[in-house]
Each structure stands twice: as C-alpha cells, then as structure tokens.
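Chemist: One structure is given below, represented as structure tokens, and several questions about it will come after.
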Amino acid sequence: MEKREIPVKEAAAAYDFGGEIVSIEPYGGGHINDTFLVVTDRGEEWVLQRINGYVFPNPEQIMENIIGVTNFIAKKLIRAGEDPDRGTLTVKETKTGRFHYVDRDGNFWRVTKNIPNTTAYEFADSVERLYESGAAFGRFQKMLADYPADTLYETIPHFHDTPARFEQLMTAVREDRAGRLGEVGAEIAFAKAREADCGALTELLQKGELPLKVTHNDTKMSNVLLDNETGKAVCVIDLDTVMPGLAAFDFGDSIRAGATTAAEDEADLEKVHFSLPFYKAYAEGFLGEAGASLTEREIKTLPIGAKLMTLEVGMRFLADYLNGDVYFKTDYPEHNLVRARNQFKLVSEMEQHIDEMNEIVSAYL
Ligand code: ADP
Ligand code: GN1
Ligand code: MG
C-alpha cells in the first residue's frame, strides 16, 4: 500500500511562527503521532504534530483535555514562582485563533513550544534518569489531584482495562487478519496462562477499593523531558491519554518501560532483564512526590500495576502483529512481535521478583 504524503507544509502554513521557517524535520521516537520540529530564522523551535486519527477518533476532545490540564498546571506553576513555559506544554494557536488545524485529508494538527535544552530519552540508561522520570510523573499526578476529573473526556475508552485488552488479543487470534497466527503459539499461550491475573486492578476499582485519579496513562521515559545540563525533570509531555485512571497505571507503565536493561524492541532476549535497582529508583522518585496523596491500598497495588501494564502492552503489540500492524508504528514486519516477546520476558522476571517489588514500596506505607 502506498503511503500518502504527509501535508506538513500545509499544516505549518496555518501558524504564524514569528519568523521564516528554515527547516521542518521529523522529531522524536513516538509510536503514535507524526511529530516534526519547526525551526525559524529567529532560532525559535516549535513541535508540529499530526494527531493519529486511527488511534484518536475524537481529536477535538484530546485538545480540550490538553488545554484544560496544561492551563491548570500553568496556574499552579506561576503561583509557585516557576516558569510555566518550561514546566508544562504550551499549545500555540493557529492564525485563526484555534488550538488545532484540520488539513485537506481531515487530519488534525497541533503545535506546542519546543522546550529548549531538554531531551526525551527513549531509554533510561541510568538510575538517576529513571528517578527523575518518577519524580516528574509523581509530581504530575500530585498537581492534578484536585483537577475536576469528570470534565475530562475518556480519549481512549478502556485504555488500561487489562481484561478488555486480553479479549482484544483473543479477537485478533480468531480473525488472524494478517495470517501470522502460526508464528505466535508460544506467545498466545503465555498470555492465556495469565488471563486470571488480568482483572486484579479493574476488580478493585469496581469494588470501590481504589480511587479514580487523573492520570497520564502513557508514562514511558520518552514522555518526560530532562534538562540537558542538570539532568533534572522539566516537563511531562504526550498528554493525549490524560484521563481518569489508577495510580498503578502510571507507576506500572513507567516500570515496564524503564526498569529494564534493554530497549522495548531489543530482539535479543538474553539482553532483556527486569532491573530491581531501576525499579527502586523510580519508586523513590514517584512516591517521594505522590506518596502522601496515595492510600495504603493504592501503594500496595503499584507492583501488580507494573506486571499488568507490561503484560497489557505485550498483548497489545501481539494483537497488532496479528492485525497487520495497524496501530503502532513499525520499522520492519516483525517489529511488533519482537516488542511483544520483549515485554513478556519482563513479565516473567517481574513474577520472580514480586516479593522484593512489594517490599520496596512498603517503605512508603
Ligand atoms: P507520540 O504519541 O507519538 O509518542 P509525543 O507527543 O510523545 O507523540 O511526541 C513524540 C516525541 O516528540 C517525544 O517523545 C519527544 O521526543 C518529542 N516531543 C514532543 N513534544 C515535545 C515538546 N513540546 N518539546 C520537546 N520535545 C517534544
Ligand atoms: C505508545 O505514544 P507513545 O509512543 O508515547 C502507546 C502506549 C504504549 C507505548 C509503547 C496512545 O506510546 O500506550 O505503552 O506506545 N500510546 C497509545 O511504547 O496507544
Ligand atoms: Mg510519546
């Protein structure tokens, strides 16, 4: 299938960047949106993104969520004497005063300020960096603790509903759209053996034993910017999935992505291990900021969140592989399968270390 050209110049022309554009280049390593860095002749940098319409069928709702949340955080930062242009995303208006632009294909675009002298690391290669990401997401959750959660749209319903993700995998197995089922018997068996575990968090939520919070829901290392000089966390980005959720979703997703010795798509499983020192560093950063705002039950469920978020995204990669790679961006045909195997390896190792994982968070009870 031939890919349509992305109308990036058309989208850029909808904005007044306060100078001539000198370059527009692909930017960052996200799996969902198409992201570009726009540089002007005045040396200003802007991030121009085409929102993925397959993943987000209601982009207006995403933008409303993002404007609400970023304004809320900006006010708090200003009150604390901090710079809101660095501490949160700032969405730029189009020439006609809107927060998004719709291109000729009907796709939505947005622009945010690029935050200078920062880096979004694809992979946590030091405990210090993972600690900082924990502090950033912990602080993010804390700052949004009094945000009116019922005003947020659920941008992707059932996003971290692990039993629903299991069912989606079973549907993908039944349909076998890409004819790849024959290659994944071991991985399907791995997921099926854990079907009964999938409901651990959703059941507690349904019973009213865990509170719904405003959560980020996509807390991987590359969704936080660290200062290039000090190494300190500056800003949480990628706010498309901010919606009501559980504390364990945010903690868990960061652990699956960060407490590992290899990249998410490392194919050599000998190199892929769950790392307790990295887990501990993240827990210290996250709970140091958000710990006081969490109930005992919430803290106790963080380790199972790590296992479930890892299992869940492994099942999502596997389902996407079976569906023919329609959701996540891939660089080669086996990419989603490699990612799924990588995540399942981490799940197995987390299962072996669950006692130590529990012990580490119990210091904050
Ligand atoms: P995706 O949903 O595709 O992951 P993101 O919003 O995370 O989209 O953007 C992809 C990447 O672009 C990020 O991981 C980061 O490297 C970079 N990026 C996005 N927005 C900004 C920003 N405002 N400042 C600096 N870098 C950014
Ligand atoms: C996607 O958007 P990005 O690349 O930060 C995905 C997450 C997955 C992650 C796996 C909206 O995150 O849920 O955990 O890939 N985002 C969405 O790397 O589905
Ligand atoms: Mg991202």
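Chemist: Of 313, 272, 326, which residue is within 16 Å of ligand 1 (Cβ to nearest atom) and crowded, with 20+ Cβ neighbours inside 10 Å?
Modeler: 313
Conditions (1) among the polar types (S, T, N, Q); (2) assigned by TED's automatic domain parsing to the domain that holds residue 243; (3) in contact (Cβ under 8 Å) with a residue 60 or more places away in the chain; (4) farther than 30 Å from residue 144 by Cβ, marked per residue:
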position: 13; (1), (2), (3), (4): no, no, no, yes
position: 18; (1), (2), (3), (4): no, no, no, yes
position: 21; (1), (2), (3), (4): no, no, no, yes
position: 24; (1), (2), (3), (4): no, no, no, yes
position: 31; (1), (2), (3), (4): no, no, yes, no
position: 67; (1), (2), (3), (4): no, no, no, no
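Chemist: Restricting region 193-210 to residues that are out of contact with any Leu (no Cβ under 8 Å at 6 or more places or on another chain) and not small (Gly, Ala, Ser), which is nearest to residue 296 (Cα to Cα)?
Modeler: Ranking the candidates gives 209 first.
Chemist: Examine region 43-59 for a residue that is free of Cβ contacts under 8 Å to residues at least 40 places away in the same chain, more than 16 Å from ligand 3 (Cβ to nearest atom) and closer than 17 Å to residue 155 by Cβ, and state whether such a residue exists.
Modeler: Checking region 43-59: at least one residue is free of Cβ contacts under 8 Å to residues at least 40 places away in the same chain, more than 16 Å from ligand 3 (Cβ to nearest atom) and closer than 17 Å to residue 155 by Cβ.
Chemist: Please go through region 21-49 and pick out each residue that is more than 10 Å from ligand 1 (Cβ to nearest atom) and either modelled with pLDDT under 95 or not β-branched (Val, Ile, Thr) (or both).
Modeler: Of everything in region 21-49, those that are more than 10 Å from ligand 1 (Cβ to nearest atom) and either modelled with pLDDT under 95 or not β-branched (Val, Ile, Thr) (or both) turn out to be 23, 25, 41, 42, 43, 44.
Chemist: Conditions: (1) away from ligand 1 (no atom under 12 Å from the Cβ); (2) at negative phi. Residue 18 meets all but one. Number of the miss?
Modeler: (2)
Chemist: Name the helices (runs of 4 or more DSSP H) wholly inside region 219-321 in which the number of residues that are away from ligand 2 (no atom under 16 Å from the Cβ) and under 27 Å from residue 71 (Cα atoms) is 3 or more.
Modeler: Per the criteria, 276-290.
Chemist: Consider residue 191 carefully, then state whether it is more than 20 Å from the chain's Cα centre (by Cα), crowded, with 22+ Cβ neighbours inside 10 Å, away from ligand 2 (no atom under 14 Å from the Cβ) and not polar (S, T, N, Q).
Modeler: So residue 191 fits the description; yes.
Chemist: I would also like to ask the following. Taking region 329-340 as the search range and keeping residues that are assigned to a helix (DSSP H, G or I) and surrounded by fewer than 24 Cβ atoms within 10 Å (Cβ to Cβ), which one is nearest to ligand 3 (Cβ to nearest atom)?
Modeler: It comes out as 335.
Chemist: Now for a different question. Kindly list the number of the only condition in (1) over 23 Å from residue 147 (Cα atoms); (2) more than 23 Å from the chain's Cα centre (by Cα) that fails for residue 82.
Modeler: (1)
Chemist: Output yes when any residue across region 77-89 is within 16 Å of ligand 3 (Cβ to nearest atom) and assigned to a loop (DSSP other than H, G, I, E, B), and no when none is.
Modeler: There is at least one residue in region 77-89 that is within 16 Å of ligand 3 (Cβ to nearest atom) and assigned to a loop (DSSP other than H, G, I, E, B).
Chemist: Now, a different point. So, in region 151-170, of the ones that are assigned to a helix (DSSP H, G or I) and without any contact (Cβ under 8 Å) to a residue 60 or more places away in the chain, which residue ends up surrounded by the most Cβ atoms within 10 Å (Cβ to Cβ)?
Modeler: Among residues in region 151-170 that are assigned to a helix (DSSP H, G or I) and without any contact (Cβ under 8 Å) to a residue 60 or more places away in the chain, the one surrounded by the most Cβ atoms within 10 Å (Cβ to Cβ) is 163.
Chemist: Restricting to region 209-261, name every residue that is under 19 Å from residue 151 (Cβ atoms) and near ligand 1 (Cβ under 9 Å from one of its atoms).
Modeler: Answer for region 209-261, where residues must be under 19 Å from residue 151 (Cβ atoms) and near ligand 1 (Cβ under 9 Å from one of its atoms): 239, 240, 241.
The values are calculated or read from the model by the stated rules, or taken from the named source; none is laboratory data. Quick caveat: nothing in here was measured; it's all calculated off a predicted structure. FYI the Cβ positions are ideal-geometry reconstructions off the backbone, even for glycines, and counts take in every protein chain you see.
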